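The values are calculated or read from the model by the stated rules, or taken from the named source; none is laboratory data. Predicted model only: the values in this text are computed from it and were never measured. Cβ sites come from the backbone with ideal geometry, for glycine too, and all protein chains shown count toward neighbours.
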Amino acid sequence: MHFLYNLAIGLYYFLINIFSFFNLKAKKWVNGRAKQTIPNLKNKKVVWMHCSSLGEYEQGKPLLDKLKEEFNNYTFVLTFFSPSGFERIKSKNDADYILYLPIDLPSKSKEFINKINPSLAIFVKYDFWYNYLKVLNNKKINTIFISVILENKHRLFNPANRFLTNELKKVTKIFTQDIQTFDLLNKHGFSNIEIAGDTRIERAIEISKSKFTDQVIETYTQGNKKIFIAGSTWKKDIDLISKSKNQILKNHKIIIAPHEISKNQINYITEKFHDNTISLYSENDKNLIKSEILILDTIGILSKIYRFAHLVYIGGGFGTGIHNTLEPSAYLVP
């Protein structure tokens with residue numbers, strides 16, 4: 001079955017190259033990988049952490065920071081699958097090298113692992129890449145997964161993916177978020193498992209205690225009205241909030257942070273609130289303080305602006321599952 005897996009990955013790579021001509025996110029995905037140079041770290045002691053996107057990075061950061069503190073003589077490599085994570089973190093000093101993860105084809109994965117030559121590989125949550133795992137296991141490199149949370153319907157437990165499951169059973173350790181995931185993996189024959197909880201808790205508390213200033217947010221939140229923040233919203237969330245907007249706006253100003261920042265999403269929000277005064281975070285216009293609604297068309301600050309909120313709505317409950325409720329909870333916001 002691994003042959004079909006490689007065929008599917010190759011097809012995905014082919015299609016995303018085509019989509020890159022029409023889609024900005026796909027273009028960043030392709031061009032970012034094409035332009036980067038994988039460093040040759042064969043003579044270094046290396047810790048490699050991989051995160052699919054920004055959310056996984058937030059989960060992995062507490063561990064990454066602790067490892068950097070304890071092993072300051074090591075070189076740290078941080079990789080992302082998605083442009084939304086890479087673009088936000090690439091200019092930070094969280095690691096010595098911040099890269100896109102090359103596509104999971106046998107030649108690409110082998111080349112990458114051989115070049116960075118990690119002593120420890122850390123995968124955050126559930127980015128299960130067969131060829132990378134196979135190379136890591138064959139080279140007997142310590143490999144761990146953290147903050148893993150799974151349901152019985154996950155593709156990992158499909159009999160057709162037994163080849164992937166077998167590689168996962170060989171890794172050093174899989175740390176789960178909850179006992180349900182632990183029991184599920186145990187049921188499927190995993191012995192390299194341990195319950196460790198959700199690293200997002202430490203990260204959420206850390207962010208809530210950090211200093212944060214933002215001219216746009218501070219200007220908008222001035223005045224006597226309270227602040228209602230709708231975070232990580234999808235269209236169905238916007239539909240619900242727009243129906244209650246008159247009641248909310250009696251005592252609150254609204255900040256909306258869409259899960260996906262796209263022209264389509266922004267237009268959908270503005271249409272739903274067309275009879276209200278709206279400002280975009282990116283424009284920082286002169287009417288900001290008078291606006292009833294602020295659309296957060298940027299990434300990376302939502303977890304920090306919950307400190308300004310009096311009431312929070314977390315999106316995603318109508319489809320993909322509710323997003324991070326820990327972030328506002330760290331500020332004790334209802």
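If the condition is being in contact (Cβ under 8 Å) with a residue 40 or more places away in the chain and among the aromatic types (Phe, Trp, Tyr), then the range 254-299 contributes only TYR281.
State whether one or more residues within the range 78-86 are under 25 Å from SER303 (Cβ atoms), polar (S, T, N, Q), touching a Ser or Thr at 6+ places or on another chain (Cβ under 6 Å) and part of a loop (DSSP other than H, G, I, E, B).
The answer is yes; a qualifying residue exists.
Counting only residues that are among the hydroxyl-bearing types (Ser, Thr, Tyr) and at pLDDT 90 or above, the range 243-269 holds 2 of them. Per the conditions (1) in contact with a strand residue (DSSP E or B) (Cβ under 9 Å, 6 or more places away or on another chain); (2) among the hydrophobic types (A, V, I, L, M, F, W, C); (3) closer than 25 Å to HIS2 by Cβ, the sole criterion not satisfied by ILE89 is (3).
Does HIS310 count as crowded, with 18+ Cβ neighbours inside 10 Å and outside the structural domain of SER84 (by TED's automatic domain parsing)?
Considered against the rule, which asks whether it is crowded, with 18+ Cβ neighbours inside 10 Å and outside the structural domain of SER84 (by TED's automatic domain parsing), HIS310 comes out as no.
For the range 1-46, the set of residues classified as in a helix (DSSP H, G or I), in contact with a helix residue (DSSP H, G or I) (Cβ under 8 Å, 6 or more places away or on another chain) and not hydrophobic (A, V, I, L, M, F, W, C) consists of HIS2, TYR5, ASN6, ASN17, LYS25, LYS28, GLY32, listed by residue number. Against the list (1) among the aliphatic types (A, V, I, L, M); (2) at pLDDT 85 or above; (3) crowded, with 18+ Cβ neighbours inside 10 Å, the condition ALA330 fails is (2).
Every residue, every condition in (1) touching a Lys or Arg at 6+ places or on another chain (Cβ under 8 Å); (2) surrounded by 13 or more Cβ atoms within 10 Å (Cβ to Cβ); (3) modelled with pLDDT of 95 or more, yes or no:
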site: ASN6; (1), (2), (3): no, yes, no
site: PHE19; (1), (2), (3): no, yes, no
site: MET49; (1), (2), (3): no, yes, yes
site: SER52; (1), (2), (3): yes, yes, no
site: PRO62; (1), (2), (3): yes, yes, no
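Kindly indicate the residue of the range 275-304 that is among the aliphatic types (A, V, I, L, M) and more than 18 Å from the chain's Cα centre (by Cα) and also farthest from SER84 (Cα to Cα) among those meeting that condition. Only one residue tops the list, namely ILE289. Annotation note: Cβ proximity below 8 Å between a residue of the range 149-176 that is over 19 Å from THR199 (Cβ atoms) and without any contact (Cβ under 8 Å) to a residue 60 or more places away in the chain and a residue that is buried (at least 18 other Cβ atoms within 10 Å of the Cβ) and charged (D, E, K, R) (sequence gap 6+ or interchain) occurs for GLU167/LYS134.
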